[in-house]
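Note sheet for the following structure.
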Amino acid sequence: MDRIVFFSVLSIFSFLVAFSDVMIPQKHVMALPLSTNSRWIVDENGQRVKLACVNWVSHLEVMVAEGLSEQPMDAIAKRIVSMGFNCVRLTWPVFLVTNDTLGSLTVRESLRSLGLLESISGIQANNPSIIDLPLLNVYQAVVSSLGDNNVMVILDNHISKPGWCCSNSDGNGFFGDQYFDPDLWITGLTRMASMFNGVPNVVGMSLRNELRGPKQNVNDWYRYMQKGAEAVHSANPDVIVILSGLNYDKDLSFLRNRPVNLTFSRKIVFEVHWYGFTDGQAWKNGNPNQVCGRVVDNMMRISGFLLEQGWPLFMSEFGVDQRGANVNDNRYLGCFLGVAAELDFDWALWTLVGSYYLRQGVVGMNEYYGVLNSNWIETRNSTFLQQISALQSPFRGPGLSEVHLHKVIFHPSTGLCVLRKSMLEPLRLGPCTKSEAWNYTPQKILSVKGTYFCLQTDELAKPAKLGIICTDSNSKWETISDSKMHLSSKAPNGTPVCLDIDSNNTIVTSTCKCLSKDNTCDPESQWFKLVNSTTRSSTMTKPSTMTKPSSLISSTLNFPAKDFSWKFLGSV
């Protein structure tokens, strides 16, 4: 009889918790311009602004933002917003602003010179107001359209001579290369910064994309990147200045012991790139857990350490083949999203583009890394958008101390978090905006913050459960495997198990898989990341309701709280 009363009590408590008053956070209105506060980008009020950007290409031979022959400019801007992005990294070539002959070409003239007559017809149909405007004016119009839709813009100097980027031998790689004159580059940066001085949605300028090639060296990096940063800041002190590294923007290790020396502060951000192909076919050919651990360790060693030193790090390019069949990309993505959630850095997806006017001699080339389809209307992969949706909002940062520090349990392969509805229903994956607040103790207990309930294993392949006796081995959760994304415990019979999901997104425990050596299995259903957060979820209850479970239950059943605690809660 006591057991029946016990579970009835828990059910009543769970019901009351689940349906008590909630506090919904108000949407934050940004106050531009942006600056930095230690490792965070903040607005004028000092509140964190997380850059969740998408790259929009405008640096190829046509020198017009891609897609304007397929859809109206404003429709594309609105589509960007509808997909959850708040920012565009808009690329541009130096010659656009330093070669008067090129910059003054109209869109029609640029397309005609490349034989792109069909694109002329498309722009006349979808964006007739720009067809006879100079290229530079069209670039400004794109920025203006994004601003009208409250989208921030980072002006990215992608290349000098217009064309596809990047190779070691394209003449655009490093200072002194055939098309990369440092003085002309600084002139271009200055003109672009001046042109957009006073344009509020232009919040940053990236000095140069993917420095590379045989001429690259650290001393010239400091010499010219510092000159470029000073030139931009002098011409437009409102924008944040974004500095890229060496070796295709992977290596910033030289900054560990030799910081930049600039006349201004609180405006510097560093950028880095990370793709699956960055490490060749390692993800496909190796064990995913071991590759993830090795690659992440290397990334932290050569660039991620800047976060620990108090610098903002902008992952200005990452992306995958959106068709979903690329094993190398798929395994990389799960690892990347786990790290992106844990570190909560700013980022820009490659790419918005569904197709190109002309790329590498191919007219209308499809872009399979593009989040939009070739018609620039539908998304190429809606599952991918769900995967990144939780990362489009900040987990923490200045001005976001809505609640005490806690953990959310993030599942990278779905982009969802662990949540509960009641004690009567299994834990499930759901939107991270509705996530439980978890506490992870030094004793390795995962408990629902503000309650007596902790996460426990049951039998193998059965749903994980919440319980209140949290001293047994089935209540202890260790982060195991090289990826640091397996949460492992022991079933009541002593069998090691890992947190997993079933086909209904229910949280279960299964035999731990793919921990080492095997390169044929996929561990991603068992990849979870404990992420620090100080933001309030839409289902988080008021503290007064959550911190007195015994008094709530005892008042419901009309007997003293202290007696109930002794009889039913035990030692927790």
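Summary table
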{"read-out": "Restricting segment 400-447 to residues that are closer than 29 Å to Ile80 by Cα and surrounded by fewer than 17 Cβ atoms within 10 Å (Cβ to Cβ), the residue that is modelled with the highest pLDDT", "value": "Pro431"}
{"read-out": "Unique residue being more than 29 Å from Leu337 (Cα to Cα) and touching a Ser or Thr at 6+ places or on another chain (Cβ under 8 Å) when the list is Glu271, Glu230, Glu210", "value": "Glu230"}
{"read-out": "Segment 510-545, subset outside any loop (DSSP other than H, G, I, E, B) and in contact with a Pro (Cβ under 8 Å, 6 or more places away or on another chain), residue modelled with the lowest pLDDT", "value": "Glu524"}
{"read-out": "Some residue of segment 460-475 being surrounded by fewer than 22 Cβ atoms within 10 Å (Cβ to Cβ) and closer than 21 Å to Gly338 by Cβ", "value": "no"}
{"read-out": "Sole exception among (1) of a type outside the set (Val, Ile, Thr); (2) surrounded by 18 or more Cβ atoms within 10 Å (Cβ to Cβ); (3) under 18 Å from Met192 (Cβ atoms) for Ala141, by number", "value": "(2)"}
{"read-out": "Among the residues listed as Val203, Val239, Val218, Val232, the single one being surrounded by fewer than 16 Cβ atoms within 10 Å (Cβ to Cβ), closer than 21 Å to Val272 by Cβ, assigned by the TED database to the domain that holds His59 and β-branched (Val, Ile, Thr)", "value": "Val218"}
{"read-out": "Near pairs, Cβ below 9 angstrom, 6+ apart or cross-chain, from segment 249-270 (assigned by the TED database to the domain that holds Glu308) to any residue that is of a type in the set (Asp, Glu) and crowded, with 19+ Cβ neighbours inside 10 Å", "value": "Asp249/Glu210; Asp249/Glu271; Asp249/Glu317; Lys250/Glu210; Leu252/Glu271; Lys267/Asp238; Val269/Asp346"}
{"read-out": "Pair list, Cβ < 6 Å and 6+ apart or interchain, from segment 124-147 residues that are touching a residue at least 12 places away in the same chain (Cβ under 8 Å) and of a type in the set (S, T, N, Q) to residues that are open to solvent by less than 10 Å² (accessible area, probe 1.4 Å) and not in a helix (DSSP H, G or I)", "value": "Asn127/Leu68"}
{"read-out": "Given (1) crowded, with 19+ Cβ neighbours inside 10 Å; (2) at positive phi, index of the condition Phe180 fails", "value": "(2)"}
{"read-out": "Lone unmet requirement of (1) charged (D, E, K, R); (2) part of a strand (DSSP E or B); (3) surrounded by fewer than 18 Cβ atoms within 10 Å (Cβ to Cβ) for Lys78", "value": "(2)"}
{"read-out": "Condition check for Asn289: touching a residue at least 12 places away in the same chain (Cβ under 8 Å), at positive phi and either touching a strand residue (DSSP E or B) at 6+ places or on another chain (Cβ under 6 Å) or of a type outside the set (Gly, Ala, Ser) (or both)", "value": "no"}
{"read-out": "Residue check for Asp220: outside any loop (DSSP other than H, G, I, E, B), among the charged types (D, E, K, R), closer than 21 Å to Ile302 by Cβ and at pLDDT 95 or above", "value": "yes"}
{"read-out": "Considering residues of segment 199-212 that are more than 26 Å from Gly176 (Cα to Cα) and part of a loop (DSSP other than H, G, I, E, B) only, the residue nearest to the chain's Cα centre (by Cα)", "value": "Asn201"}
{"read-out": "Residue count, segment 409-434 (criterion: under 19 Å from Gln387 (Cα atoms) and touching a Phe, Trp or Tyr at 6+ places or on another chain (Cβ under 9 Å))", "value": "10"}
{"read-out": "Segment 242-253 - residue that is touching a helix residue (DSSP H, G or I) at 6+ places or on another chain (Cβ under 7 Å) and within 15 Å of Phe314 (Cβ to Cβ) and, of those, most open to solvent (accessible area, probe 1.4 Å)", "value": "Lys250"}
{"read-out": "Residue within segment 89-99 that is farther than 23 Å from Thr187 by Cα and modelled with pLDDT of 95 or more present", "value": "no"}
{"read-out": "Whichever residue in segment 352-380 is polar (S, T, N, Q) and buried (at least 17 other Cβ atoms within 10 Å of the Cβ) and, among such residues, is nearest to Arg112 (Cα to Cα)", "value": "Ser355"}
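Here's the yes/no breakdown for (1) under 30 Å from Ser389 (Cβ atoms); (2) open to solvent by 10 Å² or more (accessible area, probe 1.4 Å); (3) modelled with pLDDT under 95:
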position: Leu10; (1), (2), (3): no, yes, yes
position: His28; (1), (2), (3): yes, yes, yes
position: Ala31; (1), (2), (3): yes, yes, yes
position: Trp40; (1), (2), (3): yes, yes, no
position: Lys50; (1), (2), (3): yes, no, no
position: Ala65; (1), (2), (3): yes, no, no
position: Ser104; (1), (2), (3): no, yes, yes
position: Arg108; (1), (2), (3): no, yes, no
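Conditions (1) closer than 30 Å to Val88 by Cα; (2) touching a strand residue (DSSP E or B) at 6+ places or on another chain (Cβ under 7 Å); (3) of a type in the set (A, V, I, L, M, F, W, C), marked per residue:
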site: Pro394; (1), (2), (3): yes, yes, no
site: Val403; (1), (2), (3): no, no, yes
site: Met423; (1), (2), (3): no, yes, yes
site: Lys444; (1), (2), (3): no, yes, no
site: Gly467; (1), (2), (3): no, yes, no
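The values are calculated or read from the model by the stated rules, or taken from the named source; none is laboratory data. Since the model is a prediction, treat every value here as computed from it, not as a measurement. As a convention, Cβ positions derive from the backbone with ideal geometry for all residues, glycine included, and neighbour counts pool all protein chains shown. To get the accessible areas, we keep the full protein, side chains included, count just its heavy atoms, and leave off ligands, DNA and RNA. Shrake-Rupley method; radii C 1.70, N 1.55, O 1.52, S 1.80 Å.
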